[in-house]
Amino acid sequence: MKLIVTGGAGFIGSAVVRRAVGEGRQVVNLDALTYSASLENVASVAGDPGYAFEHADICDAAAVAAVFERHQPDAIMHLAAESHNDRAIDGPIDFVRTNVLGTAVLLEAARLYWSALPPGRREAFRFHHVSTDEVFGALGESGAFSEAT
Ligand SMILES: NC(=O)c1ccc[n+]([C@@H]2O[C@H](COP(=O)([O-])OP(=O)(O)OC[C@H]3O[C@@H](n4cnc5c(N)ncnc54)[C@H](O)[C@@H]3O)[C@@H](O)[C@H]2O)c1
């Protein structure tokens, strides 16, 4: 199985990359290397034949499409984000650009790529958007969130 992981040089994305490579999957780490990235996070797998790095901005539709075309993934795990929430107070546009526009660019690239896949691969293809618990809303005094919340 070949995965594209966006934001794979970040805190959580790099753990996903290390784990997936360790499990023997082919992993393409697509990351723009912003202030929150560190390739040190994936240094332990950088020499693995199953690992590839693509320095790209998820808002760049042509670059994202080229990565899909080059690597022909079975799934994408999307973790690239402006994640340091307090920075949104001083610079909200960067958050809208990456988290909203970038996600839309990725979704559209994935949709176009997915449309051209043969039926079996199309059914199996997954777009996994890793976000944050706040998207579920307020939990209340007890209980737990689920994917259906
Ligand atoms: N860290 C946490 O405790 C936590 C908790 C809940 C949810 N999350 C969510 O998980 C996801 C990943 O969080 P994280 O802590 O790993 O973030 P992070 O800030 O450590 O890493 C983000 C990565 O995305 C990359 N990136 C940013 N903008 C990009 C762009 N335009 N194009 C390509 N790459 C870009 C950065 O270079 C960086 O490597 C985010 O959606 C975040 O909101 C994180």
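The values are calculated or read from the model by the stated rules, or taken from the named source; none is laboratory data. Computed from a prediction, not measured in an experiment: that's the story for all the values here. Reconstructed Cβ throughout: ideal geometry from the backbone, glycine too, with neighbour counts over all protein chains shown. The protein model used for the area step is the full one, side chains on, heavy atoms only, and it has no ligands, DNA or RNA in it. Shrake-Rupley method; radii C 1.70, N 1.55, O 1.52, S 1.80 Å.
Only Cα pairs under 8 Å and at least 6 apart count here; give the relative contact order of the chain as a rounded whole percent.
Answer for the chain is 24 percent.
If R0 is 30 Å, what FRET efficiency do you get for residue 135 and residue 23 from their C-beta distance, rounded to 0.05?
Here the calculated transfer efficiency is 0.65.
For the chain, with the dipole built from +1 on Lys and Arg beta-carbon atoms and -1 on Asp and Glu ones, taken about the Cα centre, which of 16, 50, 32 lies farthest toward the positive end?
50
Compute the separation of the alpha-carbon centres of the stretch 36-67 and the stretch 88-135 and state it in Å as a whole number.
Comparing the Cα centres of the stretch 36-67 and the stretch 88-135, I get a distance of 16 Å.
What distance in nm separates the two pseudo spin-label positions at residue 65 and residue 108, each 7 Å out from Cα along the beta-carbon direction?
My value for the distance between the label points is 0.9 nm.
In debye, nearest 20, what is the charge dipole magnitude of the stretch 67-149 about its Cα centre with +1 on Lys and Arg Cβ and -1 on Asp and Glu Cβ, if you could check?
Using Cβ point charges on Lys, Arg, Asp and Glu, the stretch 67-149 gives about 500 debye.
Please return the longest stretch of the chain lacking exposed loop sites, where chymotrypsin sites (Phe, Trp or Tyr not before Pro) count only if DSSP places them in a loop and at most 13 other Cβ atoms lie within 10 Å.
That would be 36-144.
Would you work out if the stretch 61-149 is rounded, prolate or oblate? Take a ≥ b ≥ c from the square roots of the eigenvalues of the alpha-carbon gyration tensor; rounded if a/c is under 1.5, else prolate when a/b is larger than b/c, oblate otherwise.
oblate
Place a +1 charge on the Cβ of each Lys and Arg in the chain and a -1 charge on the Cβ of each Asp and Glu, then give the dipole magnitude about the Cα centre in debye, rounded to the nearest 20.
That gives the chain a dipole magnitude of about 580 debye.
Let me make sure I get this right: for the stretch 2-133, a, b and c are the square roots of the gyration tensor eigenvalues over alpha carbons, sorted descending. Under 1.5 in a/c it's rounded, otherwise prolate if a/b > b/c, else oblate. Which is it?
Oblate.
Might you work out the accessible area of residue 149 for me, using a 1.4 Å probe with all protein chains in place, and round it to the nearest 10 Å²?
80
Any chance you could tell me what percent of the C-alpha pair distances in the stretch 8-83 go past 19 Å?
Percent of Cα pairs beyond 19 Å in the stretch 8-83: 29.
Hey, what number do you get for the chain at 222 nm if only DSSP H runs of n ≥ 4 count, each worth -39500 (n - 2.57), divided across all residues, to the nearest 500?
For the chain, the value works out to -9000 deg cm²/dmol.
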